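Worksheet: the structure to be examined is printed underneath.
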Amino acid sequence: MRTASHQEIRDHYVAVRDILKRAGWDSHRIACEIGVARQTSYQYGFKPETRGSRVIPPDKLDRLRDFATDIEAELRELGFPAFLPRAEHMWVVFGAGLKLLLQTTSPWRAAWHAARHCGVAMPGKNNVMHRSRTLSDNDELCVEWLGFRHGGLVTKEDAMFISDVDEFLVERVGHEHAGWRIQPSADQVQRMRELHERRFLDAA
C-alpha cells in the first residue's frame, strides 16, 4: 500500500494553505473551517523534525483541499477570454430535482463536479456546438472513478483497498487538480464498477 509520510502530508497541507491565503483567507478562517485552534493549524505546517509538529487528520486536509480546488477553478473561470461568447461555451451541472449545481466554461470541471456530486453535466442551452467536449482516456477514468466513489454504494475503505493507498491519499485518486491527482488505472475503475453494480443489485 502506498502511504503518505509526515513530510508529504505537511508539504501538501502547506501547498493547500498557501492557495487559501493567496485568496484572502487568514489563519483564523483556516482553523475555523477545520474546527481546530489557530495554534494547531500552525503546527500542521511545521516541519516534521520541529518540536510541536503535528499531523493534520485526513478529513481536515481533504476539506481544505476542496476549498483550494474550488478557488483555483474560479480563478481559471475568471480567465476565460473576454472576446469569446461565454454562453456558447457554457456547461451546466444539475443535481437531484434538476437543482443547478454549477455553471462553468470548462467541460472538464463540469464532468468532475457532476461525478463528485451525483449530478449530470451537459452543455448550456446556447452551447449548441458542445465546444471543447472531449476528455482524454485518463480523464474519463478519473470521472468514472469519482462517480462510483461518490455514488453512495462504495465506501472510503473500499476505495482505499482498490486503489492501494492510505486514508491521506485516497481522496486524491482521480482528483480534479492535476498536480494533486493520483491517476486510477482502468483495472481499478473496473473493480470499482463491479463493486458498485454488485451492491446495487444486492440492494434492489
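Determine the share of region 26-143's accessible area contributed by carbon and sulfur atoms, expressed in whole percent, with a 1.4 angstrom probe.
Carbon with sulfur: 55 percent of the solvent-accessible area.
In this structure the amide hydrogen of L102, modeled in the peptide plane, comes within under 5 Å of the amide hydrogens of V93, none closer than 5 places in sequence on its chain.
With the helix formula -39500 (n - 2.57) applied to DSSP H stretches of n ≥ 4, the chain reaches a computed 222 nm mean residue ellipticity of -15500 deg cm²/dmol.
For a quick protection proxy, order the peptides 159-166, 195-202, 69-76, 141-148 by their average other-Cβ count within 10 Å, most packed first. Please list the in-between numbers first.
Working: 159-166: 18.5, 195-202: 12.9, 69-76: 15.1, 141-148: 23.1.
By packing density, highest mean first, the sequence is 141-148, 159-166, 69-76, 195-202.
Using r as the Cβ-Cβ distance of F80 and T155, and R0 as 35 Å, what FRET efficiency do you calculate, to the nearest 0.05? Intermediate results must be reported in sequence, preceding the final value.
Numbers: r = 37 Å, r/R0 = 1.07.
The calculated FRET efficiency here is 0.40.
Hey, of (i) 27; (ii) 22; (iii) 39, which did the structure itself give for percent of Cα pairs over 31 Å apart when calculated? The value matching this structure is (i). Couplings for region 165-178, taken from phi via the Karplus curve 6.51 cos²θ - 1.76 cosθ + 1.60 with θ = phi - 60°, read 10, 8, 5, 7, 10, 4, 7, 9, 5, x, 4, 4, 6, 4 Hz in order; Gly and Pro are left as x.
Per residue, the chain exposes an accessible area of 55 Å² to a 1.4 Å probe, with every protein chain left in place. Mean separation of Cα pairs under 8 Å and 6 or more residues apart, divided by the residue count, gives region 56-124 a relative contact order of 28 percent.
Within the set K125/K156; K99/K125; K60/K125, which residue pairs have Cα atoms separated by over 27 Å? Violating the 27 Å limit, Cα to Cα: K125/K156; K60/K125.
The values are calculated or read from the model by the stated rules, or taken from the named source; none is laboratory data. Keep in mind it's a predicted model, so treat the numbers as computed, not measured. A quick note on method: Cβ atoms are made from the backbone with ideal geometry, for glycine too, and the neighbour counts reach across all protein chains shown. Accessible surface areas use protein heavy atoms only, side chains included; no ligands, DNA or RNA. Shrake-Rupley method; radii C 1.70, N 1.55, O 1.52, S 1.80 Å.
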